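Below is one structure, written out as structure tokens; comments come after it.
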Amino acid sequence: MEADELLVLVAGGDQKAFEELYGLVSGPVFGLVRRVVRDPAQSEEVAQEVLLELWRSAARFDPGRGSALSWILTLAHRRAVDRVRSARAAVDREQREARRAHHPAFDQVTEEVEAGLEREWVRRCLDRLTALQRQSVTLAYYDGYTYREVAERLSLPLGTVKTRMRDGLTQLRKCLGGVA
Amino acid sequence: MSLPARLLGRGDLHSLAAPYALDALEPAERVRFEKHLKNCDRCAAEVRALSEDAVRLAWSTAAPPPAAMRDRVLAAVRATPQESGPVVREHAPQLPPHVWGTQPPPARSRAPRERRPFFVPFATATAAAALVVASLFAVQANQTQDKLDAERAQAREIAHVLAAPDARATTYKDTQGRSMGAIASASEGQAIVTLSGYGAPAGGRVHQLWLMRPNAQPRSLGLFQRGDTPLVATDLSKSATSLAVTVEPAGGSRQPTSQPIVQLALKSVGFGE
């Protein structure tokens, strides 16, 4: 059964359906959360919270607004980003400023992302973006930075970063085409 | 938010669609943009498309979760009510409208469960709606608030036990399909305990939970409130060997007055040392 049908059954209180849904989505959810949060113990905690939230709130899924997997991964991403930001806020601000001033972390970030990607086609499509498009998108999505932080790290004006993010996502869509 | 950002007009809000889809807005901006989204169909459509693009970045990161996570999540699912008022009210505002939708949840495919007649149909109720509900049912508003507070506190306790690194789950199921389950953390000395299929005892009697220890009297861990609402047990000693449930007169007893109807060993969840 597909995630969309399962989620409807889960909304009706079907625990067997939830077990099946867990089998389908726990890998994508955990992998995404770990990519953003990095720390293994915290990643597990966030992933658990997300999966439990699926159970509690399944009735809120609206099939008219997109696929179940998108809904689930959007939720997982939001929770992961929230966690990594509150952890980051605890890091000594001064230390951060100093590190930021030294190197905008261009190549390092790109390398990390590419090493973590398991599927060739996403990497290929990311490679086709310009460096600034790719960095703007990946620093935000995989590392949980706000667009203001991305602008600081890349020493770019805010407007430029917003445009690069949009162009980057649009290019990805074109490159990935109908692959689903 | 910086001064220039505050002075920016409506036109510039559109440019936040991509950062929003990537979850790259600061909280205040996120709220402002979501307000704007509600009145801008074009933006909502654009955000949906960009969000689908962003999600494609997630597909390539899949990784198998630790095996123990499955047991913990599935046990938590058995102990966690769906769409309970407080939990939804806590989480809903943080979630983007394109994810949750602005409409109330669709009608359930099954009848709402008996134990939660007040909360199920009003999962998305605002505070104002909750007051209307309270008056409709001739329930005093503060009583409803007490219930909400109690459920919210319980949701927090459940999350706390679940987050313990040594949280483990165990269940017992009898041949008639009735079951008792627990998610327990020996380090925290806490457990979430559920009963399922036992129904409410007749004649106003109650299900009481006991902690069984070697060479000691059973210690009461509390009464199960309504049907299969989970019970959060605290101060569990490491020497505990099992949890037991008995049927007791209304209000509970100081010591069990009958044989347990079900008992759950705690060895597999790190107790009994």
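The values are calculated or read from the model by the stated rules, or taken from the named source; none is laboratory data. Predicted model only: the values in this text are computed from it and were never measured. Counting neighbours? That spans all protein chains shown, and the Cβs are built from the backbone with ideal geometry, glycine included. Only protein heavy atoms, including side chains, enter the accessible area calculation; ligands, DNA and RNA are left aside. Shrake-Rupley method; radii C 1.70, N 1.55, O 1.52, S 1.80 Å.
In table form, for the structure just shown:
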quantity: Test result for residue B:258, part of a loop (DSSP other than H, G, I, E, B), open to solvent by less than 50 Å² (accessible area, probe 1.4 Å) and modelled with pLDDT under 85; calculated: yes
quantity: Filtered residue count, the range B:28-83, keeping only those that are part of a helix (DSSP H, G or I) and under 17 Å from residue A:53 (Cα atoms); calculated: 11
quantity: Answer from A:3, A:80, A:89 - the residue that is in contact with a helix residue (DSSP H, G or I) (Cβ under 7 Å, 6 or more places away or on another chain), within 15 Å of residue A:144 (Cα to Cα) and either more than 7 Å from chain B (Cβ to nearest Cβ) or modelled with pLDDT of 95 or more (or both); calculated: A:80
quantity: Meets criteria (at the interface with chain A (Cβ under 7 Å from one of its Cβ atoms) and touching a residue at least 12 places away in the same chain (Cβ under 8 Å)) for residue B:61; calculated: no
quantity: Breaking point among (1) of a type in the set (S, T, N, Q); (2) open to solvent by 70 Å² or more (accessible area, probe 1.4 Å); (3) over 23 Å from the mean Cα position of the chain (by Cα), for residue B:187; calculated: (3)
quantity: The range A:9-44, residues that are in a helix (DSSP H, G or I), surrounded by fewer than 19 Cβ atoms within 10 Å (Cβ to Cβ) and not small (Gly, Ala, Ser); calculated: A:15, A:16, A:19, A:20, A:24, A:40, A:42
quantity: Selection status of residue B:267, of a type in the set (D, E, K, R) and under 16 Å from residue B:161 (Cα atoms); calculated: no
quantity: Selection status of residue B:247, in contact with a Lys or Arg (Cβ under 6 Å, 6 or more places away or on another chain) and β-branched (Val, Ile, Thr); calculated: yes
quantity: Candidate set: the range A:27-44, residues that are under 13 Å from the mean Cα position of the chain (by Cα) and of a type in the set (Gly, Ala, Ser); chosen: the one nearest to the other protein chains (Cβ to nearest Cβ); calculated: A:31
quantity: Positions within the range A:45-77 being assigned to a helix (DSSP H, G or I), open to solvent by 10 Å² or more (accessible area, probe 1.4 Å) and more than 7 Å from chain B (Cβ to nearest Cβ), in sequence order; calculated: A:49, A:63, A:64, A:69
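Conditions tested, residue by residue: (1) hydroxyl-bearing (Ser, Thr, Tyr); (2) modelled with pLDDT under 90; (3) open to solvent by less than 50 Å² (accessible area, probe 1.4 Å); (4) under 20 Å from residue A:168 (Cβ atoms).
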| site | (1), (2), (3), (4) |
| --- | --- |
| B:9 | no, yes, yes, no |
| B:24 | no, no, yes, yes |
| B:50 | no, no, yes, yes |
| B:70 | no, no, no, no |
